[in-house]
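Note sheet for the following structure.
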Amino acid sequence: MKLENFDFRIWDKTKEAFLKQEPTLIKLDNERVIAGRISRFYANTADMFIGNDNDLEIELWSGFYDDKGTKIYEGDIVKYRSNTTLLVAVFERNTFYIVDTSIEKDLQVDCGTRLQGIYENRSNGYKDNKLGCLEVLGNIHENAELLKIKE
């Protein structure tokens, strides 16, 4: 992925909402990532709200799109073809996976599927980073109820 294609979203745990991208500012400060919103900008200075590190969760874009052209981000809940178990996109070991969160956490990545591996399977005929076998249904923050096991 080229830097020009780099994308992310930020979940604000206190407001229980994603920060809007336009007013968001990110800066590296001694290996920390700080996110905030500009409330006023004047005379080359900005008043900013800076969220507490513990209140903000940065979720990276995988570089892939689902069947409908929706970007697949870390934390997205996806459906894989006709599989009835919903999966979650995670970024572990410098790779994006889709995992079954209903199994033991230590086994999720080992049992998961690499998004790059799905894309590289040319028999699927995928192009332009679009994974036709996946559909984004929501995310773990706003749609957690989708992951609850139905009894």
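The values are calculated or read from the model by the stated rules, or taken from the named source; none is laboratory data. Quick caveat: nothing in here was measured; it's all calculated off a predicted structure. As a convention, Cβ positions derive from the backbone with ideal geometry for all residues, glycine included, and neighbour counts pool all protein chains shown.
Within the group Asp55, Asp67, which residue is within 25 Å of Leu19 (Cα to Cα), in contact with a Lys or Arg (Cβ under 9 Å, 6 or more places away or on another chain) and either of a type in the set (Asp, Glu) or assigned by TED's automatic domain parsing to the domain that holds Ile10 (or both)? Give the derivation first.
Values: Asp67 fails: within 25 Å of Leu19 (Cα to Cα).
Going through Asp55, Asp67 in turn, just one is within 25 Å of Leu19 (Cα to Cα), in contact with a Lys or Arg (Cβ under 9 Å, 6 or more places away or on another chain) and either of a type in the set (Asp, Glu) or assigned by TED's automatic domain parsing to the domain that holds Ile10 (or both): Asp55.
So Asn52 ticks every box in (1) surrounded by fewer than 17 Cβ atoms within 10 Å (Cβ to Cβ); (2) of a type in the set (S, T, N, Q); (3) at pLDDT 90 or above but one. Which box is left unticked?
(3)
For Glu151, which of the numbered conditions (1) modelled with pLDDT of 85 or more; (2) on the phi < 0 side of the Ramachandran plot; (3) acidic (Asp, Glu); (4) over 14 Å from the mean Cα position of the chain (by Cα) fails to hold?
Glu151 satisfies every listed condition except (1).
One line per residue, one yes/no per condition, for (1) buried (at least 19 other Cβ atoms within 10 Å of the Cβ); (2) at pLDDT 95 or above; (3) in contact with a His (Cβ under 7 Å, 6 or more places away or on another chain):
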{"residue": "Ile58", "(1), (2), (3)": "no, no, no"}
{"residue": "Phe64", "(1), (2), (3)": "yes, no, no"}
{"residue": "Tyr73", "(1), (2), (3)": "yes, yes, no"}
{"residue": "Arg93", "(1), (2), (3)": "no, no, no"}
